[in-house]
Amino acid sequence: MTSARIPALISELRRESRDGLVYMEVCGTHTMAISRAGLRQLLPAGIKLVSGPGCPVCVTSTADLDRVVALARRPEVTLTTFGDLVRVPASRTTLAAERAAGVDVRVVYSPLDAVNLAQAEPEREVVFAGIGFETTAPVVAAAVLEARARGVANFSVLSLHKTMPLPLRALLDLGETPISGFILPGHVSVVTGTACYEFLASEYAVGGVIAGFEPDDVLEALVMLVRQTAPAIEIGYRRAVRAEGNVVAQRLMATVFAPSDADWRGLGVIPGSGLALANQYRESAAEERFTIEIEEPVEPKGCACGEVLRGVLDPADCALFGSRCTPADPVGPCMVSSEGSCAARHRYRDVDGVV
Amino acid sequence: MTAADRILLGHGSGGKLYRDLVRDVFVAAFANPVLDRLDDAASLATSGRIALTTDSHVVQPWRFAGGDIGLLAVAGTVNDLATAAARPLALAAAFIIEEGFFMDDLRAICASMARTAAEAGVAIVTGDTKVVERGAADGIFITTTGVGEIVVDHELGAQSVRDDDAVILSGSIGDHAMAVLAARDEFHFTTTVESDCAPLWGLAEAAIAAARDTAPAAAARDTAPASAAALRFLRDPTRGGLTTVLAELAESAALGVEIEERAIPVSAAVRSICDLLGYEPLSLANEGKMVFVVAPEKADAVVAALRAHPLGRHAARIGAITAAHPGRVALRTVLGTRRVLDMPVGELLPRIC
Ligand code: SF4
């Protein structure tokens, strides 16, 4: 770890910061990195860090989780997904509970594993429940193409993928949280580049810095934000992010997916913020292959994940935090997911309480 | 491929095939006077307090960089005995084998068990084998039971731990879990990390000797070996890792534990896999490490003794017991910030030990 720079960055922040600064990160990896390093303990009192809608599992709506469960319950379906989704509460159950009851749910570490599984078990309908942002979407796109190239017809994708910039617009439009600037996601931006964030500065006068994931990367981004005299989008994570992004990955996504409406926990339906399989790949879409019917969704009782994801409520201020809701016995997705902000704050709290 | 290359259901039947298997594989590998008698129970002579432990091993795959299920099965039980300061006296091994398992693989596993037992200075004196139908077990499961003779006369354990005691770790953490993870190949990564799996009685013995009170006054008082009461607690951080050992210790001792992230050895390779996959090194399983809690005045001597042992070269004092925040473990990060270490929940790695 490059912790040698930390003291200098901290004193720089102390020197340059003002009161009442609120910076939001919108990436689960940042959420975890900040809490794990205990960065809040080092910051000057005037700077507050809040988490936004950056945890892919957490922003998945209960209705979408119910659709995943409904698919998994079909006898011919083998549902594959990333581990984090398995424990998240849908309306009346979790995939983990369904699996224990005999439903065929399998955790994979890459969508390509799901394609391999489909090839190995041709009598099963292997569905991959795809969640995540521009980081995972290209990998899923590649898996769809690979399945097609190999003629694996029993593989399909329920795409719950979302794209990053639009929820930031939605947040700013709501205006509930005063946001002085964004710590923008490093991994997502490796793919997207910077252009998609320019509206933050030009339309909303809110700056942003794309940050890496080491503690000093985050502090450096904060220093850059504090120093901005005019709102701008800057790259702090120069070793990985280029202004134009990863053109190959962008093209892959644009080929396989098309923008669609997506339902965000806490923000509701945001038009064009999702990725559905494009027209020529519709036969790989699970929702084309199977009719998915769900009952009226039921939200986890007393859970304030929606407010937490909008940065309106600090996780520690949720009435259930640490009492009824802990990582061992979670109530809402923000405590279940390893990238959720409630989980991060609980897992990495100080011995004497939350920081 | 002939039937003779594989384990058959008949090998578990108790008939001739079974006898041949016992003689040609197990007795051949573990040869010792007690086992050679092939009695249903082994008789042992002991004096003093004994420790008894048992552990089942189900690691998948059974072979991984730096070890295999045989090494694990023997080392795991020897190490459990070592946590009670017990010199291993004898081991028993029970095998559940899936029909169709390769005979050569079973031989390799037994050879590894024999080698590890010899290294630990203990014999495998009795055993049992069951063969189950294909699909009823995954390859091979081994349960080892160990008896040991406790070499200290004070009570070891969380209840003996005091405010201000030193916490010592015998070496780098996370290697075993990452070696097995790489061998499972689910994440498709390759690494140079090897499992640390090893029998630790020798290492524990070195720590016990270093903890003995050798002040001239005490030595002059009587001829009995000096007390090792400065050694309070030993535990091998296997499943759940260092975090679990310390969290359980804090809870049962009703004291706090304060550790320094900077002092905890983690290899660069393990750290980079953890960064990539989002694992916490402190919560990863080890099979060749020991945590010691020692009275502060003996801490340096114990660290020096551990470092002089080949399995403890990277031993370090990683923290201390404190009366503050009883029941909780605090980690002082490399940045100087502080956070709690909770027992890990949920996604622990499957079947790594
Ligand atoms: S603490 Fe638990 S209940 Fe409260 S918002 Fe977070 S996940 Fe929901």
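The values are calculated or read from the model by the stated rules, or taken from the named source; none is laboratory data. All values reported here derive from a predicted model rather than from experimental measurement. Don't worry about glycine lacking a Cβ; one is built from the backbone with ideal geometry, like all the others, and counts go over all protein chains shown. Accessible surface areas use protein heavy atoms only, side chains included; no ligands, DNA or RNA. Shrake-Rupley method; radii C 1.70, N 1.55, O 1.52, S 1.80 Å.
Some notes on this structure:
- When we screen A:R92, A:R73, A:R148, A:R67 for residues that are under 23 Å from A:V269 (Cα atoms), surrounded by fewer than 19 Cβ atoms within 10 Å (Cβ to Cβ) and away from chain B (no Cβ under 14 Å), the only hit is A:R92.
- Unique residue being open to solvent by 10 Å² or more (accessible area, probe 1.4 Å), within 14 Å of chain B (Cβ to nearest Cβ) and either away from the ligand (no atom under 16 Å from the Cβ) or of a type in the set (S, T, N, Q) (or both) when the list is A:S260, A:S338, A:S323: A:S338
- Residue count for the stretch A:202-220 satisfying the condition of being open to solvent by less than 40 Å² (accessible area, probe 1.4 Å) and within 19 Å of A:P178 (Cβ to Cβ): 4.
- Every listed requirement among (1) more than 14 Å from chain B (Cβ to nearest Cβ); (2) in a loop (DSSP other than H, G, I, E, B) is met by A:V308 save one, (2).
- Residue check, A:L252 touching a Phe, Trp or Tyr at 6+ places or on another chain (Cβ under 7 Å) and either of a type in the set (V, I, T) or away from the ligand (no atom under 12 Å from the Cβ) (or both): no
- In the set B:A269, B:A320, B:A330, only one residue is at pLDDT 95 or above and more than 10 Å from chain A (Cβ to nearest Cβ); that residue is B:A320.
- Within the stretch A:16-43, residues that are within 8 Å of another protein chain (Cβ to nearest Cβ) and closer than 16 Å to A:G181 by Cβ have Cβ atoms under 8 Å from residues that are assigned to a strand (DSSP E or B) and of a type outside the set (G, A, S) in these pairs: A:L39/A:L49, counting only partners at least 6 apart in sequence or on another chain.
- The residue that is nearest to the ligand (Cβ to nearest atom), counting only those in the stretch A:341-355 that are touching a residue at least 40 places away in the same chain (Cβ under 8 Å) and assigned to a loop (DSSP other than H, G, I, E, B), is A:Y348.
- A:A153 satisfies every condition listed in (1) under 21 Å from A:A276 (Cα atoms); (2) under 21 Å from the mean Cα position of the chain (by Cα); (3) open to solvent by 30 Å² or more (accessible area, probe 1.4 Å) except (2).
- Between B:A305, B:A247, B:A254, the distinction of being open to solvent by less than 20 Å² (accessible area, probe 1.4 Å) and at pLDDT 95 or above belongs to B:A247 only.
- Of the listed requirements (1) more than 14 Å from every other protein chain (Cβ to nearest Cβ); (2) open to solvent by 30 Å² or more (accessible area, probe 1.4 Å); (3) farther than 23 Å from A:F133 by Cα, A:A316 misses just one: (1).
- If you go through the stretch B:1-55 and keep only what is open to solvent by less than 40 Å² (accessible area, probe 1.4 Å), at pLDDT below 90, in a helix (DSSP H, G or I) and among the small types (G, A, S), you end up with B:G10, B:G12.
- Any hit, the stretch A:298-305, residues being within 14 Å of chain B (Cβ to nearest Cβ) and exposed (fewer than 14 other Cβ atoms within 10 Å of the Cβ): no
- B:M178 satisfies every condition listed in (1) in contact with a strand residue (DSSP E or B) (Cβ under 9 Å, 6 or more places away or on another chain); (2) within 26 Å of B:G67 (Cβ to Cβ) except (1).
- From the options B:D275, B:D300, B:D342, residue that is open to solvent by 10 Å² or more (accessible area, probe 1.4 Å), without any contact (Cβ under 8 Å) to a residue 24 or more places away in the chain and within 13 Å of chain A (Cβ to nearest Cβ): B:D275
- Number of the condition not met by B:G66 [criteria: (1) in contact (Cβ under 8 Å) with a residue 12 or more places away in the chain; (2) on the phi < 0 side of the Ramachandran plot; (3) not hydrophobic (A, V, I, L, M, F, W, C)]: (2)
- The stretch B:126-149, residues that are open to solvent by less than 40 Å² (accessible area, probe 1.4 Å) and within 20 Å of the chain's Cα centre (by Cα): B:I140, B:I142, B:T144, B:G146, B:V147, B:G148
- From the list B:D164, B:D104, the one residue that fits, being touching a residue at least 40 places away in the same chain (Cβ under 8 Å) and either outside the structural domain of B:E287 (by TED's automatic domain parsing) or assigned to a helix (DSSP H, G or I) (or both), is B:D104.
- Lone unmet requirement of (1) surrounded by fewer than 22 Cβ atoms within 10 Å (Cβ to Cβ); (2) assigned to a loop (DSSP other than H, G, I, E, B) for B:A269: (2)
- Given (1) crowded, with 23+ Cβ neighbours inside 10 Å; (2) at pLDDT 95 or above; (3) near the ligand (Cβ under 7 Å from one of its atoms), number of the condition A:P330 does not satisfy: (2)
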